[in-house]
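The values are calculated or read from the model by the stated rules, or taken from the named source; none is laboratory data. It should be emphasised that the depicted structure is a prediction, and the values quoted were computed from it without experimental measurement. Cβ placement follows ideal geometry from the backbone for every residue including glycine, while neighbour counts extend to all protein chains displayed. Quick note on the areas: whole protein, heavy atoms, side chains included, nothing else; ligands and nucleic acids left out. Shrake-Rupley method; radii C 1.70, N 1.55, O 1.52, S 1.80 Å.
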Amino acid sequence: MNDKLHTSERTREFNFTQEHFAKLSALSYDHTGIVVQNNKYEMFYSRLAKRVRALKLSNFDQYVAYLERHKDEEFTHFINALTTNLTSFFRENHHFVFLRDKVVPEYASAGVKEFRVWSAGCSTGEETYSIAMTLAEATEGSKMSWRITASDIDTEVLGKAQRGVYPLERVESIPTPVKKRWLLRGKGTNAGMARVSSELQKNIEFIQVNLIKPFSFQHKFHVIFCRNVVIYFDRETKQKLIARYADSLVDTGYLIMGHSESLHGVSSEFVSLGQTIYQKVT
Ligand SMILES: C[S@@+](CC[C@H](N)C(=O)[O-])C[C@H]1O[C@@H](n2cnc3c(N)ncnc32)[C@H](O)[C@@H]1O
């Protein structure tokens, strides 16, 4: 273990101390609510060393000073370098089955005209388009239209989400009939890529939202997907966010979390329906 540590220290291009790590972790926490564990030391170094290089700085002292002086410009890069954006189409498929079989019929029969979903922490958009494909098919033949708000703090992934273009291997997890209907296969220079249909995109708005800052929307949502995002937040940050989610949902609206995220001991405004699906209680 020590050998490993010494080797990586010897081969590092820039000196990176515990003080640098502590300072940058604190900035990450204050700005994004993301708690950086000590075992992320190497990841932190390698991702931020790219920023030191890109800015043509000589060391991490200069980077910390630069970040503090140029918060507006550099914070976006800093956060983009640190966030974990892992996602896939129809990840945790039972959530989309629940949306299709339970939630959409419930609101359609209640006479809701516009069904609204927020995909919070949408990363590169796979979750958002999985929701969109589900809603487009589940609302067919009903009088209910649908809209999705998709948000992330990381502007790079948000740009990819908005473009909706994916390598073919990424769309493999989409069931074939769904894929055939909603994706266009690229030709010529776009071979090997698939593009999401504009029929879906026209119902989606992509916006940057930092979930640890107060937010407000014109309309309340019927469902909020916030999966694999709060896993990096401490309890206090999580509690504040969940209270804001409760305010942003209609009465009896649904909050869907990731498989390892729980509201147990975090909020009494929701009841668990199992499989990390929660319903607001009034
Ligand atoms: C692991 S991805 C989850 C993507 C998708 N929800 C899923 O489950 O497949 C986590 C996303 O949360 C975003 N995120 C982290 N902290 C955030 C914050 N404070 N505000 C908004 N988004 C945040 C990251 O940028 C990242 O794209």
Please identify every one of the GluC sites (Glu not before Pro) in region 137-169 that sits in a loop by DSSP and has no more than 16 other beta carbons within 10 Å of its own beta carbon. 140
Ignoring ligands, DNA and RNA, what percent of the 1.4 Å accessible area of the chain is carbon and sulfur? 51 percent
Under a Cβ-Cβ cut-off of 13 Å, what is the net charge of the residues other than residue 118 that fall near it, where Lys and Arg count +1 and Asp and Glu count -1? +1
Let me know the shape class of region 131-208, please: from the alpha-carbon gyration tensor, a ≥ b ≥ c as square roots of the eigenvalues, rounded when a/c is under 1.5, otherwise prolate if a/b is greater than b/c, or oblate. oblate
Within region 109-144, trypsin sites (Lys or Arg not before Pro) in DSSP loop having at most 10 other beta-carbon neighbours inside 10 Å: 113, 143
Mean Cβ-within-10 Å packing, highest first, puts peptides 93-101, 49-57, 200-208 in the order 93-101, 200-208, 49-57
Which of rounded, prolate, oblate describes region 2-82, given a ≥ b ≥ c as roots of the alpha-carbon gyration tensor eigenvalues and a/c under 1.5 marking rounded, otherwise prolate only if a/b is larger than b/c? oblate
Magnitude of the Cβ-charge dipole of the chain, K/R +1 and D/E -1, about the Cα centre, nearest 20 debye? 700 debye
Give me the lysines in straight-line cross-link reach of residue 160: C-alpha distance below 28 Å, same-chain residues under 8 apart excluded. 40, 50, 56, 71, 179, 180, 187, 202, 213, 220, 238
So the compactness index of the chain, its C-alpha Rg divided by 2.2 N^0.38 Å, takes the value 1.11
For region 193-282, report the translational diffusion coefficient in µm²/s to the nearest whole number, using Stokes-Einstein at 10 °C, 1.306 mPa s, and a Kirkwood Rh over Cα pairs. 111 µm²/s
Environment charge of residue 90, counting only residues whose C-beta is closer than 11 Å and scoring Lys/Arg +1, Asp/Glu -1: -2
If packing is taken as the average count of other Cβ atoms within 10 Å, what order do 147-153, 191-197 fall into, highest mean first? 147-153, 191-197
Could you go through region 51-59 in sequence order and give the Karplus-derived ³J(HN,Hα) for each residue, using 6.51 cos²θ - 1.76 cosθ + 1.60 with θ = phi - 60°, rounded to whole Hz, and x for Gly and Pro? 6, 4, 5, 4, 8, 6, 8, 9, 7
